Amino acid sequence: MNIHHHLDDATIVAYAAGALPAPIAMVVSAHLSFCPHCLARVRKAEAIGSAVMEDEAPVSLSAGCMNNLFERLEAETRSEVTAPALTLSETQEESILPPQVRKALGVPLSEIKWKRIAKGVGMKMIDLGAEDEGKLYLMKIEAGRVLPEHGHGGSEVTLVLSGSYTDKFGQFGPGDIADLDDHEDHQPIVDKGADCICLVASETPAKFKDFLPRLFQPVIGI
Ligand SMILES: [Zn+2]
């Protein structure tokens with residue numbers, strides 16, 4: 001597994017501080033379980049966070065201070081971490097799912113009964129008992145399918161389990177995580193050759209611009 005897309009700084013710091021909504025923290029932890037690059041950044045953020053907490057002088061976290069923190073985080077992890085090249089066989093695809101998700105599903109990925117929400121698009125909601133904090137679901141999109149351009153009303157993280165898709169941010173394959181800012185529009189196109197299965201967590205439901213609202217809203221519960 002060659003990981004090309006990682007968590008952004010704000011997500012790393014929020015995760016280290018225990019401040020992420022449960023569904024997003026779940027997807028982040030799945031990525032961290034096989035991404036030494038991001039795990040080292042979390043450890044660094046935890047270390048910097050605890051150093052700040054232990055500082056007896058009053059600390060105000062101004063925007064400039066946060067920027068310095070991110071720069072320090074990036075500089076220190078870049079110099080210390082070299083992610084090993086990992087390979088992930090097909091049978092291991094679901095091993096990157098968090099144990100809680102596998103338990104909630106109750107069946108292997110190959111036996112999931114997908115709810116068809118649009119042509120070529122299936123969804124499986126995952127109930128972790130934390131619905132008030134956001135949604136967690138699997139999506140399966142058929143090879144070659146083009147999704148409508150859409151934005152997101154809140155934070156959303158997407159972890160690719162199998163297959164791949166491409167949008168303006170690049171190509172996302174197994175292990176890659178798309179960590180989208182609020183209001184960042186994109187139009188994913190699933191690459192030809194294999195269906196793409198992703199684990200998605202959103203703080204608030206995605207707001208699709210085109211035809212998907214009518215199709216997604218009853219399912220996601222907008
Ligand atoms: Zn990473």
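None of the figures in this text is laboratory data; all of them are computed from the coordinates on show. Since the model is a prediction, treat every value here as computed from it, not as a measurement. Counting neighbours? That spans all protein chains shown, and the Cβs are built from the backbone with ideal geometry, glycine included.
Beyond 24 Å in Cα-Cα separation lie the following of the pairs K103/K135; K44/K124; K103/K192: K44/K124; K103/K192.
Once both labels are positioned 7 Å from their Cα atoms along Cα-to-Cβ, the gap between N2 and Q171 label points is 0.9 nm.
Here the gap between V107 and S33, fully extended at 0.36 nm per residue and compared with their Cα-Cα distance, gives a gain of 24.5 nm. FRET efficiency for the pair A22 and E142, taken as 1/(1 + (r/R0)^6) with r the Cβ-Cβ distance and R0 = 45 Å, rounds to 0.90.
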